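*Asks:* The structure that follows is given in the form of structure tokens.
Only the coordinates and a few stated rules stand behind these numbers; no lab work does. Computed from a predicted model, the values in this text were never measured in an experiment. Cβ placement follows ideal geometry from the backbone for every residue including glycine, while neighbour counts extend to all protein chains displayed.
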Amino acid sequence: MVEIRPFQPYDLPGMYRVCLQTGDSGKDATSLYHDPDLLAHIYAGPYPVADPELSFVAVDQRGVLGYIIATADTLAFEHWMEKHWWPGLRARYPRTMAANPGDGTQDWWCVQRIHDASPTPDELYDRYPAHLHIDILPRGQGAGVGRHLMKTLLGALRERRVPGLHLGVGAGNPGAFAFYQAMGFSVIRPDSWGSTMVLSILDV
């Protein structure tokens, strides 16, 4: 039995595990990182801290098996991260750790991302200011969990009258691309790495 419910602070370790175990285009990325928390420090951790009401988890008897997290205002979120999130991580992971060791691990890329991140305005945010991340372990896939999580988040964004949201999906994750299409997303910016997709929330 899978329960979909609002995020609670004690869910964070489970969310970090899910982020890592789905972090290689939906596959387990554990072998790619010496520090198992680095990826989630970027793509999972800040969202429930900045706006816990837009974070939801899927839980079964074994714990957190998936989540959906979002911000209603991407640019405001980036400014929040610059003030409250990145400074501690930049101190913990100095830029000297951003050198590629050439062994296939990706810690260096995350450290580079931590140091190079900065608030960046985008005309896309006028119509689609929100963005999200959704990750589900294999044991939770194919049973409607993703759809349930997405509908729960869309309801929360709709209550705030957020007009639309965007997300990025990598070219190496065709399953995610098909899922987003099925949820009504469309490609607005194709790129070499994948696609930026958008959804008008108030029209759904």
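*Asks:* Could you work out the local net charge near residue 112, counting Lys and Arg as +1, Asp and Glu as -1, over the other residues with Cβ closer than 12 Å to its Cβ?
*Replies:* Around residue 112, the charge tally is +1.
*Asks:* Sticking with the crude label model, points 7 Å out along Cα→Cβ, report the distance from residue 159 to residue 8 in nm, one decimal please.
*Replies:* Inter-label distance under the simple model: 1.8 nm.
*Asks:* I would also like to ask the following. Hey, rough spin-label estimate for residue 1 and residue 53, points 7 angstrom out along Cα→Cβ, what's it come to in nanometres?
*Replies:* Rounded to a tenth, the inter-label distance reads 2.9 nm.
*Asks:* For a quick check of your reading of the filter: which trypsin sites (Lys or Arg not before Pro) in the stretch 104-165 sit in a DSSP loop and have no more than 16 other Cβ atoms within 10 Å? Please list the in-between numbers first.
*Replies:* On the way: sites: 113, 127, 139, 147, 151, 158, 160, 161; in loops: 160, 161.
Hits after loop and neighbour filter: 160, 161.
*Asks:* How charged is the neighbourhood of residue 160? Take every other residue with its Cβ under 15 Å from the Cβ of residue 160, and add Lys/Arg as +1 and Asp/Glu as -1. Before the final figure, lay out each step's value.
*Replies:* On the way: positive: 158, 161; negative: 51, 53, 73, 159.
With Lys, Arg at +1 and Asp, Glu at -1, the net is -2.
*Asks:* Moving on. So how far, in whole Å, is the C-alpha centre of the stretch 124-162 from the one of the stretch 92-120?
*Replies:* 28 Å
*Asks:* Would you mind computing, in nm to one decimal, how far apart the modelled labels at residue 109 and residue 73 are, each placed 7 Å from Cα along Cα→Cβ?
*Replies:* 3.2 nm
*Asks:* Based on the Cβ-Cβ distance of residue 126 and residue 151, what FRET efficiency does E = 1/(1 + (r/R0)^6) give at R0 = 30 Å, to the nearest 0.05?
*Replies:* Values: r = 25 Å, r/R0 = 0.83.
That pair, residue 126 with residue 151, gives E of 0.75.
*Asks:* What relative contact order, as a whole-number percentage, does the chain give when Cα pairs under 8 Å and 6 or more residues apart are counted?
*Replies:* On the way: 326 pairs, mean separation 43.9, N = 204.
Result for the chain is 22 percent.
*Asks:* Using only helices, what value at 222 nm comes out for the chain when you add -39,500 (n - 2.57) per DSSP H run of length 4 or more and divide by the total residues, to the nearest 500 deg cm²/dmol? Walk me through the numbers on the way to the answer.
*Replies:* Working: 9 runs with 73 residues, N = 204.
The helix-only estimate for the chain comes to -9500 deg cm²/dmol at 222 nm.
*Asks:* A further question follows. Over the Cα atoms of the chain, what Rg and Dmax result, in angstrom?
*Replies:* Final numbers for Rg and Dmax: 16.4, 47 Å.
*Asks:* What does the charge dipole of the stretch 49-118 about its Cα centre add up to, to the nearest 20 debye, if the Cβ of each Lys and Arg holds +1 and the Cβ of each Asp and Glu holds -1? Please report the intermediate quantities before stating the final value.
*Replies:* Details: 6 positive and 9 negative charges, 58 e Å.
Dipole of the stretch 49-118, to the nearest 20 debye: 280 debye.
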